[in-house]
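Just below is one structure, and these are the notes that go with it.
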Amino acid sequence: MTTLLDQISTLNDLPSTLDGPVLVRVDYNVPLKDGKVADTFRLEMSLPTIHTLLRRGAPIILMSHLGRPKGKVVPGLSLRPVAESLSQLLEERLSSATPSCDPPQVHFTPQVLGEEVSARARELSPGEILLLENLRFHPGERANDEEFARQLASLAAGYVNDAFSACHRAHASVVGVPQYLPAFAGHQLVREVEALGRVVEEPARPFAVVLGGAKIADKLPVIQRLVELADLLLVGGGIANTMLAARGHSLGSSLVEEEMVEEAGKIIQQCLSSHTRLVLPQDLVIAGSPQSTEMEILEGVEVPEGMMALDLGPQTINLYQRHLRSARTVFWNGPLGYAENPLFAGATRALTLELHALHETEVVVGGGDTVSAVREVLKSHPELRKGFFLSTGGGASLEFMAGRELPGLSALTGEGN
Ligand code: ADP
Ligand code: MG
């Protein structure tokens, strides 16, 4: 099987003869609070690629989107605070790694394109970094405008895509620019494709899939594919509620996707008629509302009127942990309860700690809310263990796993060149 990665050039293929800056598409769509970056996780993810390019002596131009400014300048969505935060991060990381090196300078252009940007790009020296303003301030980004892509490309001698999470969008910085420049995949993008690819192509077995979260409707294609592939399916969250409803249990006022009950029944049937073993909750944590400050453990799964199932019960947690110990590959998407309230984060917390301690098992966690919940649990672990991968790809990861072609990856295979 030729894998997608065989068709993509990576940073190892970067020629030493590139004459000019490298334009890097990153995903710096970070949360801001009081005009500052509230979480630097995405910035940290981009450091390996930045370090490689710095070592190669290439001036770097970084570009990203932030939020949804709809093609207009929205001052609250400027990337300026990101430039400050990145500068600080590079200073901390580089001074601890190589104390004698000067940290690279991070410059910021308050425009996306224009005379001034071109001039600054030309003047960049090796070891310097320029971050462009939010790409989506320009309507050409989302419209994949040819002229916009061409102008971005004219700033540089090479292009790197390190924004896997943007690869499901046919936007100018993702699919347009690589038509005009030699194009390479960044380290984080390669890690995502490798980790997710292994899960859907050749998982070490037994392969367990843990599904929770809220939206079966949005995730149906990937759920169906995973159910086909998995040896074991463990469910929690809103998905479990909807499956329990399909089995005829009463769920009180729990989150149940009524329009998906039939589909949930089909997934149960699909498991019964294949080798996939489905395990449903046996007990639950219930309360009057997600914001409740009190909870009750419910034996069984008949939720009384007016109460909501908000987390898995202790017996179920125990059962899922035992099952996971026998797995060799685990893919997990969707929090197992209403984890925003620590009272209902018990199952999500317990499974995170269990999976992080299973050193022989390859674990891939995907989904925006799931990854935040898991990071919250592991925040006291400075390093994640080897083989425990947090996918930052969000919607792109799920599309990739459902077997869809991602335009941003196709653009790197040379089909667009
Ligand atoms: P991801 O972003 O990781 O793909 P989803 O967006 O599908 O995950 O689901 C996350 C949401 O599901 C969270 O807001 C969480 O509170 C909610 N959720 C999980 N379990 C329950 C539950 N039992 N009742 C209500 N909401 C739940
Ligand atoms: Mg979500």
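The values are calculated or read from the model by the stated rules, or taken from the named source; none is laboratory data. Just so we're clear, the structure is a prediction, and the values are computed from it rather than from any experiment. Cβ: placed from backbone, ideal geometry, glycine included. Neighbour counts: every protein chain shown.
Evaluating THR392 against the criteria (1) within 15 Å of ligand 1 (Cβ to nearest atom); (2) modelled with pLDDT of 95 or more leaves one unmet condition, (2). Taken as a whole, the condition of being farther than 21 Å from ASP34 by Cβ and at pLDDT 95 or above applies to GLY140.
A quick yes/no check of all residues on (1) over 21 Å from ASP39 (Cα atoms); (2) modelled with pLDDT under 90; (3) of a type in the set (Lys, Arg); (4) assigned by TED's automatic domain parsing to the domain that holds PRO31:
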{"residue": "SER87", "(1), (2), (3), (4)": "no, no, no, yes"}
{"residue": "LEU90", "(1), (2), (3), (4)": "no, no, no, yes"}
{"residue": "LEU94", "(1), (2), (3), (4)": "no, yes, no, yes"}
{"residue": "ASP102", "(1), (2), (3), (4)": "yes, yes, no, yes"}
{"residue": "HIS107", "(1), (2), (3), (4)": "no, no, no, yes"}
{"residue": "PRO110", "(1), (2), (3), (4)": "yes, no, no, yes"}
{"residue": "GLU115", "(1), (2), (3), (4)": "yes, no, no, yes"}
{"residue": "ALA121", "(1), (2), (3), (4)": "yes, no, no, yes"}
{"residue": "GLY127", "(1), (2), (3), (4)": "yes, yes, no, yes"}
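The single residue among GLY67, GLY71, GLY76, GLY57 that is modelled with pLDDT of 95 or more and exposed (fewer than 13 other Cβ atoms within 10 Å of the Cβ) turns out to be GLY76. Can you confirm whether the stretch 202-216 contains a residue that is within 23 Å of LEU312 (Cα to Cα), near ligand 1 (Cβ under 10 Å from one of its atoms) and surrounded by fewer than 17 Cβ atoms within 10 Å (Cβ to Cβ)? Yes, because at least one residue in the stretch 202-216 is within 23 Å of LEU312 (Cα to Cα), near ligand 1 (Cβ under 10 Å from one of its atoms) and surrounded by fewer than 17 Cβ atoms within 10 Å (Cβ to Cβ). GLY238 meets each of the listed conditions (1) touching a Ser or Thr at 6+ places or on another chain (Cβ under 7 Å); (2) under 23 Å from GLY346 (Cα atoms); (3) buried (at least 23 other Cβ atoms within 10 Å of the Cβ) apart from (1). Among the numbered criteria (1) buried (at least 22 other Cβ atoms within 10 Å of the Cβ); (2) at pLDDT below 90, which single criterion is violated by MET243? Result: MET243 passes all but (2). Take the residues in the stretch 389-407 that are more than 15 Å from ligand 2 (Cβ to nearest atom) and not small (Gly, Ala, Ser); name whichever of them is nearest to LEU211 (Cα to Cα). Only one residue fits best here, namely MET401.
Would the stretch 375-393 turn up any residue that is touching a Phe, Trp or Tyr at 6+ places or on another chain (Cβ under 9 Å), part of a helix (DSSP H, G or I) and either without any contact (Cβ under 8 Å) to a residue 40 or more places away in the chain or surrounded by fewer than 22 Cβ atoms within 10 Å (Cβ to Cβ) (or both)? Yes: one or more hits. Just so you know, in the stretch 348-380 the residues that are of a type in the set (Asp, Glu) and in contact with a Gly (Cβ under 7 Å, 6 or more places away or on another chain) include one that is farthest from ligand 1 (Cβ to nearest atom), and it is GLU362.
Kindly provide the set of residues from the stretch 324-374 that are without any contact (Cβ under 8 Å) to a residue 12 or more places away in the chain and either within 13 Å of ligand 2 (Cβ to nearest atom) or among the aromatic types (Phe, Trp, Tyr) (or both), ordered by number. SER372, the sole residue that qualifies. The single condition among (1) touching a residue at least 24 places away in the same chain (Cβ under 8 Å); (2) out of contact with any Lys or Arg (no Cβ under 8 Å at 6 or more places or on another chain); (3) surrounded by fewer than 17 Cβ atoms within 10 Å (Cβ to Cβ) that HIS138 does not satisfy is (3).
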